[in-house]
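What follows is a set of notes on a single structure, which appears directly below.
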Amino acid sequence: MTVVHLPYTRSCFVCGADNPAGLRLRFRVEDGAILSDYIPRAEHAGYTGIVHGGVVAAALDEVMFWAASFARRRFHLSVEMQVRWVQKARVGATYRLRGEVGRVQRSLCLARSILQDENGRVCAEAEGKYFALRPHEVPLDAAEFCFDPVTLTPRELFGVVET
């Protein structure tokens, strides 16, 4: 199985390497799906020991963003999202995020995502619509991205990132 590691940034709440309050997730492509492993920290809690629903929604949104962006090789923007929380996600437990593209309609990409615990039980799931951006509309420049030997660069994935 070939694994492709996707780019990540410095400041993003979900993937930002330098964001001390962020989730610091790293996304990868395996068998056509976007995956990430997640162990929530105490600062991600709403109620004591339980991950805030908004934090779960942010993670589900990001994995769908990457599903759309990887599939189309263009940055996307979330335009609509519906989340269903099935059971509590607990601080300190291990979870897997999975995102996939359902279908593409012109500039919209329809995606779905799921958060599962280490036993495969669904904690939350989402569906969303993502709008494809033109390169000059992307509000990031190359300096915002982190680079390491195993991760695709934005240029390798998207062609050009405006500076």
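The values are calculated or read from the model by the stated rules, or taken from the named source; none is laboratory data. All values derive from a computational prediction rather than experimental measurement. Here the Cβ positions follow ideal geometry from the backbone for every residue, glycine too, while neighbour counts run over all protein chains shown.
See the values below:
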| item | result |
| --- | --- |
| Residue check for Gly16: small (Gly, Ala, Ser), free of Cβ contacts under 8 Å to residues at least 12 places away in the same chain and assigned to a loop (DSSP other than H, G, I, E, B) | yes |
| Residue in segment 23-41 that is small (Gly, Ala, Ser) and over 25 Å from Val4 (Cβ atoms) present | no |
| Positions within segment 121-137 being assigned to a strand (DSSP E or B) and without any contact (Cβ under 8 Å) to a residue 40 or more places away in the chain, in sequence order | Val122 |
| Check on Phe70, of a type in the set (Phe, Trp, Tyr), under 12 Å from the mean Cα position of the chain (by Cα) and modelled with pLDDT under 95 | yes |
| Filtered residue count, segment 138-154, keeping only those that are assigned to a helix (DSSP H, G or I) and either closer than 21 Å to Asp61 by Cα or at pLDDT 75 or above (or both) | 3 |
| Considering residues of segment 19-54 that are of a type in the set (D, E, K, R), surrounded by 12 or more Cβ atoms within 10 Å (Cβ to Cβ) and assigned to a loop (DSSP other than H, G, I, E, B) only, the residue nearest to the chain's Cα centre (by Cα) | Arg26 |
